[in-house]
Amino acid sequence: MPQTAQNQQKMDAAKAALAHIKPMLENNSIVGVGTGSTVNYFIDELASVKHLFRAAVSSSDESTQRLQDHGISVMDLNEVNELEFYVDGADESNTHLQLIKGGGAALTREKIVAAVARKFVCIVDESKLVGVLGGFALPVEVIPMARSYVARKLAGLGGMPEYRAGVVTDNGNHILDVHNLKILNPLDLEKTINNIVGVVSNGLFASRAADILIVGGTNGVTVKKPN
Ligand code: 5RP
């Protein structure tokens, strides 16, 4: 897909997400905000209604900066008891709205904010829709000293882990991208990888899947619920 068409679809999904949450925003609302190019469009849209809500919580330093550049205050998640919405992108989604995330290396904080939120609104362009997860290499955040050990364990699960050289996460950790996984049972694999010592988290969002998926496509926007 040409880049411009894909960007238009990302923008369309972001606008639709704002239209979805806007009627529910209140003076004391806190909005959870993810990371990535699709979310960047959402942040730019959110700025137009910043008078309608209190603050955001953010899943990355990059998104925090963009929110603050728009004059949106960003709160520490520890100060927040209730989070109505979390809006974030994804690298892949299946029909159950189970996701692969972490292309931007923000998976751990994304998972934490998604866990707190009552509703996870995922925004994607249509290229992200798949039948079976795993075409996109699965990101795994690891404690740096455990990188080789975890890589051997991931190879034992049938994957081909590749060190994302030069990338340090906001938490000071490393990323392994695991190629060649055909993920037929995302719930099991998510747990299995989390059980490897040295893994901080992995990019499978299966136990906490999205609640709705807003897809920008060639024929406009569609809203999907889990099958
Ligand atoms: C970052 C993510 C992103 O949501 C994912 O990589 C999608 O990014 P984009 O909207 O740029 O396609 O998980 O860690």
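Considering only Val142, Val167, Val199, give the residue with the highest GNM mean-square fluctuation for the chain, with springs between Cα atoms whenever their separation is below 10 Å. Judging by the Gaussian network model, the answer is Val167.
Which angle between 0 and 90 degrees, to the nearest 10, do you get for helix 107-116 versus the longest principal axis of the chain when only C-alpha atoms count? In the chain, helix 107-116 runs at an angle near 50 degrees to the longest axis. Highest GNM mean-square fluctuation among Ile43, Ile21, Ile30, for the chain modelled with Cα contacts below 10 Å: Ile21.
How tilted is helix 37-46 with respect to the longest principal axis of the chain? Cα atoms for both, answer in degrees (0 to 90, nearest 10). Here the helix axis deviates by roughly 20 degrees.
Calculate the FRET efficiency for Asp44 and Lys182 from the Cβ-Cβ distance with a Förster distance of 45 Å, rounded to the nearest 0.05.
Numbers: r = 36 Å, r/R0 = 0.81.
About 0.80, to the nearest 0.05.
What the chain shows is 45 Å² of accessible area per residue, with the surface traced by a 1.4 Å probe over protein heavy atoms. Rolling a 1.4 Å probe over the protein chains gives Lys191 an accessible area of about 130 Å². Close amide-amide hydrogen proximity is noted between Phe85 and Gly32, Arg118, Lys119, each under 5 Å apart and 5 or more residues distant or on a separate chain (H modeled in the peptide plane; Pro and chain starts excluded). Counting only protein heavy atoms and using a 1.4 Å probe, what share of the accessible area of the chain belongs to carbon plus sulfur, as a whole percent? About 50 percent, which is the carbon plus sulfur part of the accessible surface. Along region 25-34 the Karplus relation, 6.51 cos²θ - 1.76 cosθ + 1.60 evaluated at θ = phi - 60°, assigns HN-Hα couplings of 6, 10, 3, 9, 5, 10, 10, x, 10, x Hz to successive residues, with x for each Gly and Pro. Non-local lysine pairs in the chain, meaning eight or more places apart or on different chains, with alpha-carbon distances under 15 Å, amount to 12. Per-residue ellipticity at 222 nm, computed for the chain from helices alone with -39500 (n - 2.57) per DSSP H run of at least four residues, works out to -9000 deg cm²/dmol. Ranking Glu26, Glu84, Glu141 from most to least accessible surface, computed with a 1.4 Å probe over the protein chains only, gives Glu26, Glu84, Glu141.
The values are calculated or read from the model by the stated rules, or taken from the named source; none is laboratory data. Because the structure is a prediction, the values reported are computed rather than measured. Please note: Cβ atoms are built from the backbone with ideal geometry, for glycine as well, and neighbour counts cover all protein chains shown. In case anyone asks, the SASA skips ligands and DNA or RNA and just uses the protein heavy atoms, side chains included. Shrake-Rupley method; radii C 1.70, N 1.55, O 1.52, S 1.80 Å.
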